[in-house]
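The values are calculated or read from the model by the stated rules, or taken from the named source; none is laboratory data. Source: prediction; values computed, not measured. In this analysis, Cβ positions are derived from the backbone assuming ideal geometry, glycine residues included, and neighbour counts consider all displayed protein chains.
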Amino acid sequence: MPAHGPTAEEQLERLSQGVLEIIKEDELLAKLERAREEGRPLVVKQGFDPSAPDLHLGHAIGLRKLRQFQDLGHRVVVVIGDYTGMIGDPSERSETRPRLTHEEVLKNARTYQEQLGKVVDQEPSRLDVVMNGRWFREMSFADVMDLAGRYTVARILERDDFAKRFGEQQPISVHELFYPLMQGYDSVQIKADVELGATDQKFNCLVGRELQKAYGQEPQIVMLLPVLEGTDGVRRMSKSAGNYIGIDESPREMYGKTMSIPDEMIVRYFELATTVPGQEVDAVKAALGGEGTNPRDLKRRLARTIVAAYHGEDAAVGAEEEFDRIFSQRGLPDDIPEPAIVLRGQESLDSVWIVALVVGAGLACSNGEARRLIQQRGIRLDGDVVDSVDFTFTLDRPRLLQAGKRRFVRVVPANVSLEE
């Protein structure tokens with residue numbers, strides 16, 4: 001990195017913004033000074049386990065910090081955990097996660113690599129994307145024992161979630177104990193100078209520091225970032241909780257989901273999910289607490305800002321106009337899908353059961369879920385609420401099927417077939 005660029009102190013000030021804890025800040029400053037003097041970049045790591053196919057706004061907090069490091073001339077290494085992903089991070093878990101197959105993990109990993117470019121610079125000189133299977137698949141059992149011998153069970157059980165489960169006599173599988181060791185060993189393999197992680201990753205990242213010392217390396221700096229709550233405003237954003245906003249979702253979905261967050265989350269989303277300057281966030285906070293301000297207007301601005309960041313200004317304007325047509329003007333979206341539908345358990349199109357159609361159209365995963373949607377008055381056919389789970393009708397013309405407020409399907413008879 002060029003010696004005429006920002007000083008180490010200036011870099012530290014910029015990189016510290018939005019970070020909750022740095023372990024240790026004086027060590028980071030020393031690394032930045034040494035890197036500047038030697039004209040070399042720091043190696044900055046963050047790992048992602050592809051346990052689901054979508055990166056979301058919670059992940060983007062770390063990705064934006066990685067981009068800051070890149071813009072200051074440092075090199076980013078994104079570790080895709082194709083092997084750790086088969087275990088699943090036990091952080092803040094009260095029970096063992098279901099294990100994924102390697103094929104499932106690899107399928108999800110492919111989408112991660114495609115989505116990274118929405119935030120970080122993918123120029124090869126500034127970004128490495130590696131799968132930790134590169135080194136784990138080459139390890140012999142002797143290598144595994146050597147790794148395990150460099151950390152103690154007592155230290156592992158200091159971890160809050162493990163200690164709680166152990167104290168409550170809840171099962172802890174042996175493979176879960178390997179997770180922090182594996183994440184730490186990733187840092188050894190790439191010789192990380194810095195590792196980013198959310199606050200729940202503190203233990204795992206600190207294991208990385210200890211393992212680097214054990215392998216004769218200089219320990220990495222740990223930078224801990226805040227966790228973003230999901231659209232429910234309570235639980236952390238995640239695919240499994242169904243409260244996420246994916247960074248690769250359509251502008252319509254991204255805008256609509258943002259508009260669904262609780263009013264009390266508006267400021268936090270401005271802080272964590274956008275790059276809006278601090279003084280503007282302060283203005284939003286003041287407006288939200290003042291009289292005469294409709295939180296909906298601030299939420300619209302938030303939704304436009306988020307969509308524009310991932311899809312551009314034109315898409316943000318279009319998403320807002322479409323949202324207004326659907327919710328304010330009772331209009332319809334422009335691109336209603338017309339999928340191929342297979343109806344199960346139906347003999348003809350003369351008497352189509354609404355539950356079978358909702359499932360066949362992909363608006364529910366099972367008959368039970370479809371029944372619940374209908375009972376909650378969440379299904380409309382041609383604009384009318386379906387009020388009975390026993391409702392049947394003749395499918396002799398195109399019909400508009402709607403689930404909830406944002407999901408539409410145009411059912412075209414020519415696209416519908418009966419399961420044999």
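Side notes on the structure shown:
- As for the stretch 214-224, it holds at least one residue that is within 28 Å of residue 36 (Cβ to Cβ) and within 19 Å of the chain's Cα centre (by Cα).
- Whichever residue in the stretch 160-186 is within 24 Å of the chain's Cα centre (by Cα) and charged (D, E, K, R) and, among such residues, is surrounded by the most Cβ atoms within 10 Å (Cβ to Cβ): 186
- Count - residues of the stretch 35-54 that are in a loop (DSSP other than H, G, I, E, B), in contact with a Lys or Arg (Cβ under 7 Å, 6 or more places away or on another chain) and farther than 12 Å from residue 238 by Cα: 2
- So residue 155, is it modelled with pLDDT of 90 or more and within 27 Å of residue 209 (Cβ to Cβ): no
- Matching residues in the stretch 282-308 - criterion: being among the β-branched types (Val, Ile, Thr) and surrounded by fewer than 17 Cβ atoms within 10 Å (Cβ to Cβ): 293
- Applying the criterion of at least 3 residues that are at pLDDT 90 or above, within 22 Å of residue 18 (Cβ to Cβ) and not assigned by TED's automatic domain parsing to the domain that holds residue 408 to the helices (runs of 4 or more DSSP H) found wholly in the stretch 275-368 leaves 278-289, 295-311.
- Any hit, the stretch 372-386, residues being among the hydrophobic types (A, V, I, L, M, F, W, C), in a loop (DSSP other than H, G, I, E, B) and surrounded by fewer than 20 Cβ atoms within 10 Å (Cβ to Cβ): no
- Of all the listed residues (85, 73, 58, 62), the sole one being within 15 Å of the chain's Cα centre (by Cα), at pLDDT 75 or above, over 21 Å from residue 207 (Cβ atoms) and not in a strand (DSSP E or B) is 58.
- Test for residue 276: is it of a type in the set (Val, Ile, Thr), touching a Ser or Thr at 6+ places or on another chain (Cβ under 7 Å) and more than 23 Å from residue 334 (Cα to Cα): yes
- Of the residues 275, 231, the single one that is buried (at least 16 other Cβ atoms within 10 Å of the Cβ) and out of contact with any His (no Cβ under 7 Å at 6 or more places or on another chain) is 231.
- Failed criterion for residue 334 (all others in (1) more than 30 Å from residue 275 (Cβ to Cβ); (2) free of Cβ contacts under 8 Å to residues at least 60 places away in the same chain hold): (1)
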